[in-house]
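Structure record follows, encoded as structure tokens.
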Amino acid sequence: MTPAGSTRLRLLPGGLLLILALAVDTAVAADRLSVRWQPAKPRVGDVALMLLRGAPDDATVEGMVDGRPLTFFPYAGGRAALVGFDLEVKAGVKPWRLAVLVREGDARTASGKVRVAPRTFPVQRLSLPSGMVDLDPETERRAVSEGERLRTLYRTITPERLWRGPFTRPVGGTGPGTGFGARRVINGKPRMPHGGADYAAPAGTPVVAVNTGRVALVADFFFPGRLVAIDHGLGLYTLYFHLESAVVSQGDLVERGQTIGTVGATGRATGPHLHFGAHIVGARIDPATLLELGVRD
Ligand SMILES: [Zn+2]
């Protein structure tokens, strides 16, 4: 990004970062941009809202946080972007940059930092049948290519925001999802950390979409079993694994609370449960923080 004017950053109480633009290009109406984070102190694995005020209504806003692109949408009289801090990101100070483009060749840039607090994840020791862990070469190839297909999907950003308002639980009951971020040791060997939260529920329990979105994938994969992935737009995906059945098809538009399938134990599962995950522009985030996010708009 080429700055149109230099910016000075001042940290105010309450985590409010005020950006005072200097060397102002007179054509730019927004001489004051303010950025606020919700929650004010995000942790590793959290989703956060980056709230921006002061950008003109007709401006295009682009930006990056810690190397990941931001996708802003109109929100509560200003703009917001969902930011995911991946479960394996290092805690500490992460830089962000914004470019506010009023028209061709007329850009205002701003930058700052957000501190990501550390979080301790549990270590989970599991014993599984060796056939589910030590894969033969053909199964290994299958699992790798399925994993790549999912990662490609998570990095595909639909430019339209489909979700609105708060997120709902994917299954009934009140118990929290468990095991997000757990560093897994399976049959004595360290494996990939657990990228979602597991909800215990009997087989056949309805599973619902947590917000409005489009069904991006319905598949039968080796580790996730029968799965549904929902694209909520702007880089947000939610995932529902180990399903007994899926009652939606790829391309369907689903509403918050709409049944998409039932709990099962397909794929690598020790018993019936829902594995629920959420990704933001490829960052694996704690879905509980998505459900708790105080969304007003
Ligand atoms: Zn799981």
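Listing for the model above:
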quantity: Long-range lysine pairs (8 or more apart or interchain), the chain, Cα under 21 Å; calculated: 5
quantity: Crossing angle, helix 137-154 versus the chain [Cα axis fit, 0-90 degrees, rounded to tens]; calculated: 30
quantity: Solvent-accessible area, 1.4 Å probe, carbon plus sulfur percent, for the chain; calculated: 52
quantity: Rounded, prolate or oblate (a/c below 1.5 giving rounded, otherwise prolate when a/b exceeds b/c) for the range 143-214 by Cα gyration tensor; calculated: oblate
quantity: Most to least accessible of Ser145, Ser127, Ser245 (protein chains only, probe 1.4 Å); calculated: Ser127, Ser145, Ser245
quantity: Accessible solvent surface per residue of the range 145-256, calculated while the other protein chains remain in place, 1.4 angstrom probe, Å²; calculated: 43
quantity: Gyration tensor (alpha-carbon) shape descriptor, the range 147-297, a/c threshold 1.5; calculated: rounded
quantity: Theoretical ellipticity at 222 nm over the chain - DSSP helices of four or more residues, -39500 (n - 2.57) apiece, nearest 500; calculated: -2500 deg cm²/dmol
quantity: Cα gyration tensor, the range 132-183 - rounded (a/c under 1.5), prolate or oblate; calculated: oblate
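The values are calculated or read from the model by the stated rules, or taken from the named source; none is laboratory data. These numbers were taken from a predicted model, which means no experiment stands behind them. These area figures cover heavy atoms from the full protein model, side chains too; ligands, DNA and RNA do not enter into them. Shrake-Rupley method; radii C 1.70, N 1.55, O 1.52, S 1.80 Å.
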